[in-house]
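To start, the structure under review is shown below, and the notes come after it.
The values are calculated or read from the model by the stated rules, or taken from the named source; none is laboratory data. As the structure is a prediction and not an experimental result, all values here were calculated from the model. When we count neighbours, we look across all protein chains shown, and the Cβ atoms used for this are built from the backbone with ideal geometry, even at glycine.
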């Protein structure tokens, strides 16, 4: 009996075990209607590339069904089933339902969480499935099909038709026009939440199809239409050895897809939760995802950055310019670097007779949503069609293959134009005929310059020939020529003009005054002074009342004061500077009177600031008080702009120690410190912590600086404490960013934790004083961006910091201090530099007309901004593809990673060389200087002395000028690997790198080749001229001999007159002989 019981127990145990095993090893990649996937069980594709199962993203405890890479250790989810309806426990079951749909059940509640429910929608002719199975393919596609039918065309449902945030090779992004299905990517809400986020990437089939990145349905980026090779706004998509790109547009489908040339590679395309489009490849050697490309990466990627008829060019400064024949719609905003208002035509014209087409080269095609396309037309037919239609504003080829085919015609404003350095496309814009004439004039000027240059060369050769020939003629015996009297001189006007110089006109009518003054008409002066308002009267003298134009200046409309008759005679910024000189004098006086009348900017030891009360600076520019950021309920003491409606906090006192109620009190303590008290708890939340003061006061200045000083001492050098020495995330004009070596004070910016939390975040921007000082943006302890060292004008890695009419940039480096600061040319402007919580350095200016902050500049904005993107001895160039290249004499350290566009491993020398004999210095132009942390700098040395010093030191790898002003002064020497190199189109600096002599020889050989070609060309030209001259000389001598013999003694012996008369007659015989008779 016991044996029977044991056998039965054994059988039951085996049955349970088999049943359990059947649930975790369900046919590997497939489930049938009798099987299910439970939490903890997965499906794995046959090639073990992808896996399907339950997961919890990030710090979330919710459970989702998703697909991820099987063999990649970093959890990378590519698809989520129930993204908007998560499970809150582990009771989920995935199985095939009675109707053949794939369903996700919440077993504990008995409810359906998610269902494919797409069989008939995707295949209208498809009836209910007879024997459906769900299979996970090696492509990452989860499909429902008939058990015996593996034809992809007959799939009942597939996850590739319902993407989330990721696009895999083989997926289609776009429209099935027959079924109305739209496949698009939508970002996650956050790293912890895969629910539908704000950003989506879609194909718009209207007009000429193109792709858009949307932020809550608002365009953020536009790809441009497909031009046969790539999207016209994505030159980085040109054919390469990794990807095959494809775009299909016909009556049934409009979609984009890509595939891999090497199937062993792993790549994906996604929209992340911050709104970036990213294309990544997996690097097996480093076990990391490498971002090959992302967008938006620079300001010109932002949709409509320069508005209608505005062209965006990242290699220009400012980046926005109008198409010829157009001018800024809002000049004031345009000068403050906000081009979103775009451009308008300077003048109207007759569509049929007074217009033409201006050719723009290297362009991203404008928004084609309202365009018309015909793939069969030629460019000439396209122009003819556009010319007939007055609504047509521009045209272009729809396909750039085969030299250009097809036609696109725009009917409306041309929006989101961009100019590329290379790989752009031609666009023809309808403009006034006068603009075409001006363009022709420019071409004529170029032709004239070239012609004059050639003429000068020929004239020089003629002079040489003339001198030689004169000597020859003087050597001829005088007996062979005969005198000719003055009375026999030729009266031919042509000859007379050659022999006798033209008289000049010295009449007083042509004289100009030494000084010309611009005159303003009455309407301009009336508008500037608000119709001679008393409020704008400065004073009165013997010549009447004097008025000021502060109103227009403060409103940012100073440009409207300029007389239109000035045209382009003077740069606008120079005129504005002249006005600023006058304004500075008066603003100082006015501020003094205003400060005397408004003392509400100060508190004494007997006064306090409670929650609800504020301090306001004397000029009403800044305000200090208690606030709660975003959705937070915590209370902080901060400073913000007083007259800007958008709450913009620039400094926070207790950022890391918030108040949880409204019982805060700010006052001056017994020791003279400024302290923040929590009255309800009787504790000190924050204090300034400076030395004791006798009679301290706290004052909020119009600069935004909160200071503690002695009551009768307003000298800034004697401030006891100031908020400018303790910045949070914002740098204001006049603040110092850097080190005071005497006090060991380090002033740097630190981001907020989030928009709702001003506590110290992950990102900081600080000056590193080691070596040759420069600024770094840090992500915790990792460098994210480097400014490059100061080169006398700007940071070498920030060419956009060129001198302009808005900012004055300054950098001080001596034994006592190392700091960066900036000021504003116009005190009425409002600007700030900040580090935001997502790790971007941003410079903003306030647009009073629009009442918005305009993003003037930000970084990192492109791949080459990231620190060490191309590693040691690797150069990053945004205008090249790929962006990374090695210095001459160097090669990739990790060729496999380099092949996959990961240059972070950098480059190594191809061969070692003798430091003292077998090397030289290679000159690199327009460079961002490499990381100068381990460099040596001497401001007093010349470049030659710098080279000599580097040559003596075998550890020296490169040298450069430390200051580029005055033609270049000072010396910087690097004694280690050259890291974070970058090449600019303009605005960079020369760098001299130690390389093997053989590399210099190869460079010299290339230069020699160019010199040889030029020399040969010049020699051929000179040879041709010589042959021509010899033949002409022989002809002249023969004619001279004939005339000498025929005329006898009547000839002039003057060789100069002879040299002029003979060529004229020869020339005349050339073109008059066939016209008719003449007196000759």
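Checking each residue in segment 329-347 for being within 15 Å of residue 434 (Cβ to Cβ) and part of a loop (DSSP other than H, G, I, E, B) picks out 346, 347.
Listed residues 675, 708; which is surrounded by 20 or more Cβ atoms within 10 Å (Cβ to Cβ), in a strand (DSSP E or B) and under 46 Å from the mean Cα position of the chain (by Cα)? If you could, list the steps in order and put the result at the bottom.
Details: 675 fails: surrounded by 20 or more Cβ atoms within 10 Å (Cβ to Cβ).
The match here is 708.
For segment 715-742, the set of residues classified as outside any strand (DSSP E or B) and touching a helix residue (DSSP H, G or I) at 6+ places or on another chain (Cβ under 9 Å) consists of 719, 732, 734, 735, 736, listed by residue number.
Conditions (1) in the same structural domain as residue 754 (by TED's automatic domain parsing); (2) in a strand (DSSP E or B), marked per residue:
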| residue | (1), (2) |
| --- | --- |
| 850 | yes, no |
| 856 | yes, yes |
| 869 | no, no |
| 879 | no, no |
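All of 319, 295, 291 fail the test of being touching a strand residue (DSSP E or B) at 6+ places or on another chain (Cβ under 6 Å), closer than 11 Å to residue 418 by Cβ and at pLDDT 85 or above, apart from 319. Among the residues making up segment 789-815, those that are assigned to a loop (DSSP other than H, G, I, E, B) and without any contact (Cβ under 8 Å) to a residue 12 or more places away in the chain are 803, 814.
For segment 348-367, the candidate set comprises residues that are part of a loop (DSSP other than H, G, I, E, B) and modelled with pLDDT under 95; within that set, the residue that is surrounded by the most Cβ atoms within 10 Å (Cβ to Cβ) is 349. The residue that is surrounded by the most Cβ atoms within 10 Å (Cβ to Cβ), among those in segment 711-724 that are touching a strand residue (DSSP E or B) at 6+ places or on another chain (Cβ under 6 Å) and within 22 Å of residue 656 (Cα to Cα), is 723. Among the numbered conditions (1) modelled with pLDDT under 95; (2) touching a helix residue (DSSP H, G or I) at 6+ places or on another chain (Cβ under 8 Å), the only one that residue 785 does not meet is (1).
Please pick out the residue among 173, 156, 168, 214 that is in contact with a helix residue (DSSP H, G or I) (Cβ under 6 Å, 6 or more places away or on another chain) and buried (at least 20 other Cβ atoms within 10 Å of the Cβ).
Details: 173 fails: in contact with a helix residue (DSSP H, G or I) (Cβ under 6 Å, 6 or more places away or on another chain); 168 fails: in contact with a helix residue (DSSP H, G or I) (Cβ under 6 Å, 6 or more places away or on another chain); 214 fails: in contact with a helix residue (DSSP H, G or I) (Cβ under 6 Å, 6 or more places away or on another chain).
Within the list 173, 156, 168, 214, the selection yields 156.
Of all residues in segment 632-672, which are buried (at least 20 other Cβ atoms within 10 Å of the Cβ), more than 30 Å from residue 849 (Cβ to Cβ) and within 45 Å of the chain's Cα centre (by Cα)? Listed by number, the residues that qualify are 635, 636, 637, 653, 654, 655, 658, 659, 664, 666.
Being outside the structural domain of residue 831 (by TED's automatic domain parsing), crowded, with 18+ Cβ neighbours inside 10 Å, at pLDDT 95 or above and out of contact with any helix residue (DSSP H, G or I) (no Cβ under 7 Å at 6 or more places or on another chain) is the requirement here; does residue 268 meet it? Let's see the steps before the verdict.
Details: outside the structural domain of residue 831 (by TED's automatic domain parsing): yes; crowded, with 18+ Cβ neighbours inside 10 Å: yes; at pLDDT 95 or above: yes; out of contact with any helix residue (DSSP H, G or I) (no Cβ under 7 Å at 6 or more places or on another chain): yes.
Yes.
Checking 224, 275 one by one, the residue that is crowded, with 17+ Cβ neighbours inside 10 Å and outside any strand (DSSP E or B) is 275 and no other. A count restricted to segment 899-919 and to residues that are within 20 Å of residue 236 (Cβ to Cβ) and at pLDDT 85 or above stands at 3.
Yes/no per residue for (1) on the phi < 0 side of the Ramachandran plot; (2) surrounded by 16 or more Cβ atoms within 10 Å (Cβ to Cβ); (3) modelled with pLDDT of 80 or more; (4) out of contact with any strand residue (DSSP E or B) (no Cβ under 6 Å at 6 or more places or on another chain):
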position	(1), (2), (3), (4)
966	no, no, yes, yes
983	yes, yes, yes, no
986	yes, no, yes, yes
1016	yes, no, no, yes
1019	yes, no, no, yes
1022	yes, no, no, yes
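Surrounded by fewer than 16 Cβ atoms within 10 Å (Cβ to Cβ) and out of contact with any helix residue (DSSP H, G or I) (no Cβ under 7 Å at 6 or more places or on another chain): is that true of residue 766 in this structure?
Values: surrounded by fewer than 16 Cβ atoms within 10 Å (Cβ to Cβ): no; out of contact with any helix residue (DSSP H, G or I) (no Cβ under 7 Å at 6 or more places or on another chain): yes.
For residue 766, the condition - surrounded by fewer than 16 Cβ atoms within 10 Å (Cβ to Cβ) and out of contact with any helix residue (DSSP H, G or I) (no Cβ under 7 Å at 6 or more places or on another chain) - is not met.
Counting residues in segment 640-650 that are in contact with a helix residue (DSSP H, G or I) (Cβ under 8 Å, 6 or more places away or on another chain) and over 27 Å from residue 694 (Cα atoms) gives zero.
Restrict the check to segment 329-346 and report whether at least one residue is more than 26 Å from the chain's Cα centre (by Cα) and either in contact (Cβ under 8 Å) with a residue 40 or more places away in the chain or not assigned by TED's automatic domain parsing to the domain that holds residue 851 (or both).
First pass over segment 329-346, keeping only residues more than 26 Å from the chain's Cα centre (by Cα): 345-346.
Okay, now just the ones that are also either in contact (Cβ under 8 Å) with a residue 40 or more places away in the chain or not assigned by TED's automatic domain parsing to the domain that holds residue 851 (or both), so 345-346.
Looking through segment 329-346, at least one residue is more than 26 Å from the chain's Cα centre (by Cα) and either in contact (Cβ under 8 Å) with a residue 40 or more places away in the chain or not assigned by TED's automatic domain parsing to the domain that holds residue 851 (or both).
Within segment 937-964, which residues are surrounded by 19 or more Cβ atoms within 10 Å (Cβ to Cβ) and in contact with a helix residue (DSSP H, G or I) (Cβ under 9 Å, 6 or more places away or on another chain)? Across segment 937-964, the qualifying residues are 941, 956, 957, 958, 959, 960, 961, 962. Out of (1) in contact with a helix residue (DSSP H, G or I) (Cβ under 7 Å, 6 or more places away or on another chain); (2) free of Cβ contacts under 8 Å to residues at least 24 places away in the same chain, what's the single condition that is false for residue 297? That leaves (2) as the condition not met. For segment 388-441, the set of residues classified as in contact with a helix residue (DSSP H, G or I) (Cβ under 9 Å, 6 or more places away or on another chain) and loosely packed, with under 14 Cβ neighbours inside 10 Å consists of 422 only.
Against the criterion of being closer than 27 Å to residue 937 by Cβ and buried (at least 16 other Cβ atoms within 10 Å of the Cβ), residue 781 does not qualify.
Every listed requirement among (1) touching a helix residue (DSSP H, G or I) at 6+ places or on another chain (Cβ under 9 Å); (2) within 20 Å of residue 425 (Cα to Cα); (3) modelled with pLDDT under 95 is met by residue 241 save one, (2). When segment 881-900 is filtered for residues that are assigned to a loop (DSSP other than H, G, I, E, B) and either touching a residue at least 40 places away in the same chain (Cβ under 8 Å) or surrounded by fewer than 22 Cβ atoms within 10 Å (Cβ to Cβ) (or both), the ones remaining, listed by number, are 881, 882, 887, 888, 889, 893, 894, 900.
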